[in-house]
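Each value in this text was obtained by applying a stated rule to the coordinates, not by laboratory testing. Keep in mind that this is a model prediction, so the values were computed, not measured. Heads up, the Cβs are rebuilt from the backbone with ideal geometry, glycines too, and the neighbour counts pull from every protein chain shown.
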Amino acid sequence: MLSAVDISLQYAERRLLDGVTFHIGPTDRIGLVGANGSGKSTLLRILLGDITPDSGEVTRAKYVTVGYLPQEGTALAGRTLYKEVESVFADIVHTREQLDQLQEAMASTPHDTDAFHEMLEIFGELQHRLEAADGFRLSSLIEKVLIGLGFTQRDFTRQTDEFSGGWQMRIALAKLLLLEPDILLLDEPTNHLDLDSLPWLEEYLQSYQGAVVLVSHDRRFLDTMIRRTFELSFGTLTDYAGNYSFFLDAREERRDLQRAAYRNQQQQIKQTERFIERFRYKATKARQVQSRIKALDKLDVIRLEDQEEEIRFTFPPSPPSGKIALTVNNIAKSYGPLKVFEHLDLQIDRGDRIAFVGVNGAGKSTLARIIAGVETFDTGERIPGHNMVLSYFAQHQAEELAPAFDALQTVEAVAAGDVRRHLRTLLGCFLFHGDDVFKKVSVLSGGEKSRLALAKMLLTPANLIVLDEPTNHLDMRSKAVLQEALVEFDGSMVIVSHDRDFLDPLVTKVVEFKDGHIRTTLGNVSEYLAARQAREAAAVPERRSSSTTAGKDRKRREAEMRNERYARTKPLQDKLARLEKEIEDIEKRKRDLEAALADPDAYRSGEALRETHATYRGTGEHLMDLYHRWGKISEELDKVRAEFDEGPEQ
């Protein structure tokens with residue numbers, strides 16, 4: 001479906017891509033992985049056609065369409081959320097508007113005129129066009145995607161410029177999913193999603209009809225989604241036939257084989273060189289020496305892959321602190337008419353390792369900023385514990401770095417004392433080597449800015465750290481090293497993140513934000529999700545059991561669920577069956593009328609023709625109404641089925 005052949009691209013002295021070749025099939029699920037700055041986003045833009053490579057070519061069939069979601073930078077304005085998303089169906093919307101205008105014109109046109117007959121024929125053609133494009137299900141499709149990505153019905157009429165950057169990216173993702181290109185190129189699609197939206201996106205993409213190419217640093221998301229892994233490293237691309245975990249194992253096996261082959265070859269080279277050196281000046285061995293010299297010259301020397309450098313650091317020892325790190329009591333916070341939360345209480349004890357989770361906009365980052373002391377609140381009190389020393393990494397702090405400063409100036413501005421002598425060493429730990437420390441913030445990549453902001457945070461010892469989305473712009477290796485450092489950190493921590501794989505080894509408490517309130521669950525994120533699922537299941541009264549016998553209780557519960565499901569789905573299934581039979585009859589009636597209108601004899605009698613046209617128009621309108629009712633009932637049936645673990649009936 002799409003092929004890249006011998007793609008090369010060079011920026012200044014750096015060869016970003018060097019002879020990259022691959023093919024994307026119609027239903028491929030591909031993860032594009034590699035260190036930040038390795039060229040992943042650049043390669044996606046080459047596939048899109050935004051960037052022209054220095055050499056090589058990208059070819060695709062004429063019918064193939066490509067859609068691209070960038071990491072950031074989307075800013076939409078001028079329309080409501082619904083209208084903005086609906087704009088991807090411009091042809092369908094235009095056809096619908098034409099039908100509405102035509103209906104108004106027909107209402108004021110005498111039925112016995114040629115103009116009315118002409119309008120009726122056009123009306124029929126437009127209806128055919130709308131039906132072929134599945135236009136009657138447009139509203140339900142838009143609603144399904146927007147709700148799945150975390151928007152509410154109230155959001156549909158809001159102006160797009162009212163939404164923050166993260167929600168803007170969700171709007172762009174919704175438009176792209178609805179557009180349904182043959183190849184989806186998604187650059188960090190999970191960065192702005194929450195724990196509720198992530199499973200929905202996974203399920204949606206798993207059933208997507210086209211090919212999907214993903215750039216993501218969420219290991220669990222990649223393992224769930226992909227079946228091929230493209231590793232981009234030092235300009236070359238290696239294709240692995242499996243998900244991310246498979247890729248890690250296969251890459252290590254390949255490197256082990258490469259290292260063994262390298263050692264064997266080096267041993268052979270040394271033996272050959274010793275032979276040449278020993279017998280170079282012996283006439284009796286001259287032919288053999290020359291033969292070995294020529295063999296060495298022709299030898300394809302195995303070169304070991306460079307090992308990409310990792311960020312390695314440890315947090316400074318935590319200053320001694322009291323038993324309670326920080327308390328917030330009876331906190332209320334509003335932004336104008338929007339009430340984020342009220343009467344909120346939270347105590348952070350020494351050694352607490354807390355994850356803040358919940359949908360975007362629920363107040364996680366707001367409370368993190370209040371805890372960090374950088375956000376005001378309406379009422380309540382924030383009480384720091386004895387000798388509490390706090391360090392804070394903000395969700396958008398990387399974008400707030402002074403663009404005119406270079407990397408070294410950025411850390412110099414906050415460093416104090418003896419540590420100033422080791423700033424270049426610290427920056428080296430964050431992959432700023434040599435002259436990289438003099439690169440201006442304005443030219444840094446997103447990953448470089450994030451690493452620089454983390455370096456700033458590490459300069460001051462702390463016993464309470466607050467991290468708001470610290471992994472968004474870190475690659476897999478950097479994220480693993482940060483995770484290891486946090487595991488060893490001996491103070492308290494609060495982390496706002498939706499990255500399950502990152503959080504699970506770190507946290508021992510999960511604070512869920514929902515509807516202006518918080519709920520604390522002991523354990524890591526996986527344990528929290530399991531507990532939440534259990535609570536939601538227990539909320540269905542019919543599924544509760546008072547039996548003391550486990551086997552009987554399970555069977556009774558299953559029987560109750562089957563009975564309840566049957567009782568709730570049977571009427572809907574009957575309605576659908578009746579509607580489908582009626583639709584079949586009306587479609588046949590419409591085809592008969594079309595055949596009648598195609599007969600030249602039908603135009604001999606004006607009165608009969610008008611009656612036929614009127615019947616045809618009414619039949620079309622009736623059919624559209626039936627389609628709409630069928631769609632609504634189908635959605636209702638799907639929702640009922642989703643409430644039960646056993647899924648749709650077979």
For this session: Step through the residues of segment 277-286 one at a time and calculate ³J(HN,Hα) from phi using the Karplus curve (6.51 cos²θ - 1.76 cosθ + 1.60, θ = phi - 60°), rounding each to whole Hz and writing x for Gly and Pro.
Result: 5, 6, 10, 4, 9, 9, 4, 5, 10, 4
Problem set entry | Long-range tail of P(r) for the chain (Cα pairs > 31 Å, %) | 66
Exercise. Add -39500 (n - 2.57) for each DSSP H run of 4 or more in the chain, then divide by its residues: what number comes out at 222 nm, to the nearest 500 deg cm²/dmol?
Worked result: -15000 deg cm²/dmol
For this session: Note down the relative contact order for segment 82-158 as a percent, whole number, built from C-alpha pairs under 8 angstrom at least six residues apart.
Result: 35
Exercise. Given a Förster radius of 30 Å and the C-beta distance between residue 104 and residue 615 as r, what FRET efficiency does 1/(1 + (r/R0)^6) yield to the nearest 0.05?
Worked result: 0.90
Seminar exercise, completed: Cα-Cα pairs in segment 367-520 separated by more than 21 Å, as a whole percent of all pairs, come to 49
For this session: Give a residue-ordered list of calculated ³J(HN,Hα) values for segment 105-113 (Karplus: 6.51 cos²θ - 1.76 cosθ + 1.60, θ = phi - 60°; whole Hz; x for Gly, Pro).
Result: 5, 5, 5, 9, 10, x, 6, 9, 9
Exercise. To the nearest 10 degrees, how steep is helix 606-642 against the longest Cα principal axis of the chain, on a 0 to 90 scale?
Worked result: 40
Exercise. If we count every other residue with Cβ under 13 angstrom of residue 493's Cβ, Lys/Arg +1 and Asp/Glu -1, where does the sum land?
Worked result: -2
Exercise. Long-range amide H contacts for residue 375: which residues qualify at under 5 Å (H placed 1.01 Å from N, peptide plane, sequence gap of 5 or more or a different chain)?
Worked result: 370
Problem set entry | Computed over segment 82-158, Cα set: Rg, Dmax in Å | 16.1, 52
Exercise. What ratio of Cα Rg to 2.2 N^0.38 Å holds for segment 128-271?
Worked result: 1.48
Seminar exercise, completed: Of the listed links 270/294; 575/632; 588/639; 588/632; 456/479; 323/456, those spanning more than 19 angstrom between alpha carbons are 588/639; 588/632; 323/456
Exercise. Given a Förster radius of 56 Å and the C-beta distance between residue 263 and residue 420 as r, what FRET efficiency does 1/(1 + (r/R0)^6) yield to the nearest 0.05?
Worked result: 0.80
Problem set entry | Label-point gap, in nm, between residue 381 and residue 327 - each point 7 angstrom along Cα→Cβ | 0.8
Seminar exercise, completed: A correct Stokes-Einstein calculation for segment 214-369, using the alpha-carbon Kirkwood radius, 20 °C and 1.002 mPa s, returns a whole-number D in µm² s⁻¹ of 93
Exercise. When only C-alpha pairs under 8 Å and at least 6 residues apart count, what is the relative contact order of the chain, in percent?
Worked result: 13
Problem set entry | Relative contact order (%) - criterion: Cα under 8 Å, at least six apart; region: segment 1-117 | 23
Problem set entry | Column: log10 I(q)/I(0), Debye, Cα scatterers of segment 467-518, q = 0.16 Å⁻¹ | -0.49
Problem set entry | Radius, Kirkwood style, for segment 203-298 when every pair of distinct Cα atoms is counted (Å) | 17.5
Problem set entry | Rg over Rh, two decimals, segment 154-229 (C-alpha only, Kirkwood Rh) | 0.97
Problem set entry | Convex hull of Cα atoms in segment 248-298, direction-averaged projection (nm²) | 3.8
Problem set entry | Net charge dipole size for segment 386-522 [Lys, Arg +1 and Asp, Glu -1 on Cβ; Debye, nearest 20] | 180
Problem set entry | FRET E, pair residue 147, residue 480, Förster distance 56 Å, beta-carbon r, rounded to 0.05 | 0.95
For this session: Sort the following peptides by mean Cβ neighbour count (other Cβ atoms within 10 Å, averaged over residues), highest first: 142-154, 569-581.
Result: 142-154, 569-581
Seminar exercise, completed: Computed for the chain: size of charge dipole around the Cα centre, +1 on C-beta of each Lys and Arg, -1 on C-beta of each Asp and Glu, debye to nearest 20, value 3280
Exercise. How large is ³J(HN,Hα), in whole Hz, for each residue of segment 434-450 in order, when computed from phi with the Karplus curve 6.51 cos²θ - 1.76 cosθ + 1.60 and θ = phi - 60°, using x for Gly and Pro?
Worked result: x, 6, 4, 5, 9, 5, 5, 4, 4, 9, 6, 6, x, x, 5, 4, 5
For this session: Quick one: order 515, 349, 378 by neighbouring beta-carbon count within 10 Å, fewest to most.
Result: 515, 378, 349
For this session: Rounded to the nearest 10 degrees, what's the angle between the helix 138-148 long axis and the longest principal axis of the chain, both from Cα atoms, 0 to 90?
Result: 30
Exercise. Could you give the angle, 0 to 90 degrees to the nearest 10, between helix 476-488's Cα long axis and the longest principal axis of the Cα atoms of the chain?
Worked result: 70
Exercise. Extension gain residue 209-residue 436, at 0.36 nm per residue separation less the Cα-Cα distance, in nm?
Worked result: 77.4 nm
For this session: Kindly put 412, 57 in sequence by how many other C-beta atoms sit within 10 Å of each C-beta, fewest to most.
Result: 57, 412
Exercise. Just how far, in whole angstrom, is segment 430-454 from segment 16-49 if you go by their alpha carbon centroids?
Worked result: 23
Exercise. Given H placed 1.01 Å from N in the peptide plane, which residues other than close sequence neighbours of residue 16 have an amide H under 5 Å from its amide H?
Worked result: 9, 10, 11
Problem set entry | Value of D in µm² per second that Stokes-Einstein yields for segment 27-103, Kirkwood Rh from Cα pairs, at 37 °C (0.692 mPa s) | 199
